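Just below is one structure, and these are the notes that go with it.
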Ligand code: HEM
């Protein structure tokens with residue numbers, strides 16, 4: 001039974017991708033298609049941050065190690081959706097107009113923070129292999145703590161881009177804060 005867990009998580013993680021692909025192919029994106037793709041991929045990036053951060057607390061609560069074996073895949077899907085989200089903005093919305101993109105990064109603080117979060121995801125994605133874990137040893141753990149900063153930047157990005165109703169970003173913020181506090185509590189008890 002256990003051997004089906006990982007493939008199941010893999011296919012479940014692909015559902016949002018196929019959903020947006022379906023909407024693109026069958027013209028179901030509504031009146032503002034680019035905005036819809038940006039929102040969809042942005043939301044799923046944040047959800048995958050939450051899924052990735054949840055594995056360690058779930059292991060602690062259920063006392064089952066299996067959760068940790070999903071973490072790497074969920075982290076890579078987080079990078080996948082963040083990259084789709086970033087590319088929607090860079091390649092579809094701005095059509096690779098790097099002058100305007102650079103101006104946006106420097107003048108719109110929510111873009112700056114989002115971009116910083118994506119840049120910080122790069123070293124995590126590139127060191128996600130088993131080889132990198134063996135090679136980097138203790139440094140790997142330290143490097144992968146960047147996910148905490150990325151999650152906070154992702155939340156700030158969302159709070160800053162919302163113009164009126166802050167309910168949704170604040171719900172995400174509360175979940176991320178609880179997950180981060182859980183982690184620090186685990187560390188305190190361990191020491
Ligand atoms: C870890 C990285 C990131 C996360 C977690 C994230 C998350 C989000 C979320 C949750 C939304 C709002 C979705 C909604 O309205 O429901 C959003 C919107 C947006 N994001 Fe990101 N994002 C990230 C990185 C980026 C990057 C790298 C860029 C571009 C350089 C970017 C550009 C945008 C834009 C343009 C919007 C739409 C703003 C609007 O509605 O006017 N994001 N993002």
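So the values come out like this:
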read-out	value
Near pairs, Cβ below 8 angstrom, 6+ apart or cross-chain, from region 64-84 (more than 24 Å from residue 113 (Cβ to Cβ) and free of Cβ contacts under 8 Å to residues at least 12 places away in the same chain) to any residue that is part of a helix (DSSP H, G or I) and away from the ligand (no atom under 16 Å from the Cβ)	64/58; 65/59
Any hit, region 146-155, residues being under 15 Å from residue 52 (Cα atoms), modelled with pLDDT of 95 or more and either more than 12 Å from the ligand (Cβ to nearest atom) or not in a helix (DSSP H, G or I) (or both)	yes
Enumeration of residues in region 112-121 that are in contact with a helix residue (DSSP H, G or I) (Cβ under 8 Å, 6 or more places away or on another chain) and without any contact (Cβ under 8 Å) to a residue 40 or more places away in the chain	112, 115, 116, 118, 120
Where a residue in region 38-63 is free of Cβ contacts under 8 Å to residues at least 12 places away in the same chain and over 16 Å from residue 153 (Cα atoms) and its partner, wherever it lies, is in a helix (DSSP H, G or I) and more than 8 Å from the ligand (Cβ to nearest atom), with Cβ under 7 Å and at least six apart	58/67; 59/65; 59/67; 59/68
From the options 175, 101, residue that is touching a residue at least 60 places away in the same chain (Cβ under 8 Å) and buried (at least 17 other Cβ atoms within 10 Å of the Cβ)	175
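The values are calculated or read from the model by the stated rules, or taken from the named source; none is laboratory data. These figures come from a predicted structure and were not determined experimentally. For neighbour counting, all protein chains shown are included, and Cβ atoms are generated from backbone atoms with ideal geometry for every residue, glycine included.
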